[in-house]
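Structure first, commentary second.
Any read-out appearing in this document is the output of simple, stated calculations on the displayed coordinates, not a laboratory observation. What you see is a predicted model, and the numbers here were worked out from it, not measured in a lab. Cβ placement follows ideal geometry from the backbone for every residue including glycine, while neighbour counts extend to all protein chains displayed.
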Amino acid sequence: MIETRKQEIIKDLMEVYNKYEVPEDLLEVTIFSLMSVYNRAGKNDELVGGDWIAENCPEPLKSLPI
């Protein structure tokens, strides 16, 4: 993956994270819930997942619970 695409994905994930409203049945944002919103936006062409987030994203994303 080229660096510009990596940075675009990180920017998109941070945008989702910053706008995310935790549903009543969850206590906090999780990698699963973040990826669900990101996938619904149709931007996950590379099929990045939780491992990719943990390895490539800055805090707070890389430390989100599963």
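In the stretch 5-21, which residues are exposed (fewer than 12 other Cβ atoms within 10 Å of the Cβ) and assigned to a helix (DSSP H, G or I)? Once the filter is applied, which keeps residues that are exposed (fewer than 12 other Cβ atoms within 10 Å of the Cβ) and assigned to a helix (DSSP H, G or I), the stretch 5-21 yields Arg5, Gln7, Lys11, Asn18, Lys19. Take Val22 and decide whether it is hydrophobic (A, V, I, L, M, F, W, C) and farther than 13 Å from Ile53 by Cβ. Judged against the criteria, Val22 is a match.
Could you please give the count of residues in the stretch 22-66 that are assigned to a helix (DSSP H, G or I) and either touching a strand residue (DSSP E or B) at 6+ places or on another chain (Cβ under 8 Å) or surrounded by 11 or more Cβ atoms within 10 Å (Cβ to Cβ) (or both)? Final tally of qualifying residues: 17.
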